[in-house]
1. Can you find even one residue in segment 1-13 that is touching a Gly at 6+ places or on another chain (Cβ under 7 Å) and assigned by TED's automatic domain parsing to the domain that holds Ile155?
2. Which number in (1) in a helix (DSSP H, G or I); (2) surrounded by 12 or more Cβ atoms within 10 Å (Cβ to Cβ) marks the one condition that Gly21 misses?
3. May I ask you to list the residues in segment 73-102 that are in contact (Cβ under 8 Å) with a residue 60 or more places away in the chain, closer than 18 Å to Ala22 by Cα and surrounded by fewer than 24 Cβ atoms within 10 Å (Cβ to Cβ)?
4. If you go through segment 37-44 one residue at a time, do you hit one that is under 24 Å from the mean Cα position of the chain (by Cα), touching a residue at least 12 places away in the same chain (Cβ under 8 Å), assigned to a helix (DSSP H, G or I) and surrounded by 14 or more Cβ atoms within 10 Å (Cβ to Cβ)?
5. Give Ala194, Ala182 a once-over and let me know the one that is assigned to a helix (DSSP H, G or I) and under 30 Å from Lys149 (Cα atoms).
6. Conditions: (1) within 18 Å of the chain's Cα centre (by Cα); (2) surrounded by fewer than 17 Cβ atoms within 10 Å (Cβ to Cβ). Ala61 meets all but one. Number of the miss?
7. Could you tell me whether segment 94-107 includes any residue that is at pLDDT 80 or above, over 28 Å from Phe8 (Cβ atoms) and touching a Ser or Thr at 6+ places or on another chain (Cβ under 7 Å)?
8. Note down all Cβ pairs under 7 Å where the first residue falls in segment 11-36 and is without any contact (Cβ under 8 Å) to a residue 40 or more places away in the chain, the second is assigned to a loop (DSSP other than H, G, I, E, B) and loosely packed, with under 13 Cβ neighbours inside 10 Å, and they're at least six residues apart or on different chains.
Amino acid sequence: MKNGVQRFGKFLSAMIMPNIGALIAFGFLAAFFNGSGWIPHEGFATIFSAILVYLIPILIASTGGKLIGGDRGSVVAAIAVVGAIMSDPDTTMLMAAMIMGPLAGFCIKKFDEAMDDDFNTADAIAALFELVKYSNTHASGENTKTYLKKLKEKILVLCEILGIEAEKEQDCLDAEVEALIAERTAAKKEKNFARADEIRSQLLEMGIELKDTREGVQWKRI
């Protein structure tokens, strides 16, 4: 029990100590430029708040991910904790960083181990689904588009390694959208505006927004 607690403490220290410079910088900036500091300065005050809210949690999570899963674990951990930060920017996510960093590194490590184990596809897919499950659980409208895009890119890279066609269904949906747009265009030419409006509403229900331009109809997902 004692040895286990000591190992856990050493691991936490290993996440914090490499980033001690950022913590010291935060302390100095707060001491000098905070509203009650030695040299209050509103502009500099925004820097130390950004360090506390964004920089330090990202550094800690990245370090934790690297300790478990190497460089790839570090990248995934940083992406994961950014999602946590953006879900509630008013809360300092230090504890979340210390949990999500090693967890993200662990997922990538298990994936890589499965790949090295005579290409153990079953375990690799299981690790991939753990990452997908994490994404579905934590991704929401409060997350930034950049975070969701990066998380999706990482999942797609892993799918490509395994030969999984992750976006085949998306391609089918695109073809369906284009077919409906073509039908709507034909309906407008025939002055069947009721059918054209019906198709627009149908596409809107599918999450597709249309925009009529001189160059033709443009669409995007909403």
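1. Taking segment 1-13 as the starting set, the residues that turn out to be touching a Gly at 6+ places or on another chain (Cβ under 7 Å) are none.
Within segment 1-13 (the criterion being touching a Gly at 6+ places or on another chain (Cβ under 7 Å) and assigned by TED's automatic domain parsing to the domain that holds Ile155), the answer is no, since none of the residues qualifies.
2. (2)
3. Val82, Met98
4. Quick first cut of segment 37-44, residues under 24 Å from the mean Cα position of the chain (by Cα) only: none.
Taking every residue of segment 37-44 in turn, none turns out to be under 24 Å from the mean Cα position of the chain (by Cα), touching a residue at least 12 places away in the same chain (Cβ under 8 Å), assigned to a helix (DSSP H, G or I) and surrounded by 14 or more Cβ atoms within 10 Å (Cβ to Cβ).
5. Details: Ala194 fails: under 30 Å from Lys149 (Cα atoms).
Just one listed residue meets the conditions, Ala182.
6. All conditions pass for Ala61, except number (2).
7. As a first pass, look at segment 94-107 and keep what is at pLDDT 80 or above: 94-107.
If we keep only those that are over 28 Å from Phe8 (Cβ atoms) as well, we get none.
Within segment 94-107, none of the residues are at pLDDT 80 or above, over 28 Å from Phe8 (Cβ atoms) and touching a Ser or Thr at 6+ places or on another chain (Cβ under 7 Å).
8. Qualifying pairs under 7 Å: Ala31/Trp38; Phe32/Trp38; Phe32/Ile39; Phe33/Ile39; Phe33/Pro40; Asn34/Pro40.
The values are calculated or read from the model by the stated rules, or taken from the named source; none is laboratory data. Because the structure is a prediction, the values reported are computed rather than measured. Counting neighbours? That spans all protein chains shown, and the Cβs are built from the backbone with ideal geometry, glycine included.
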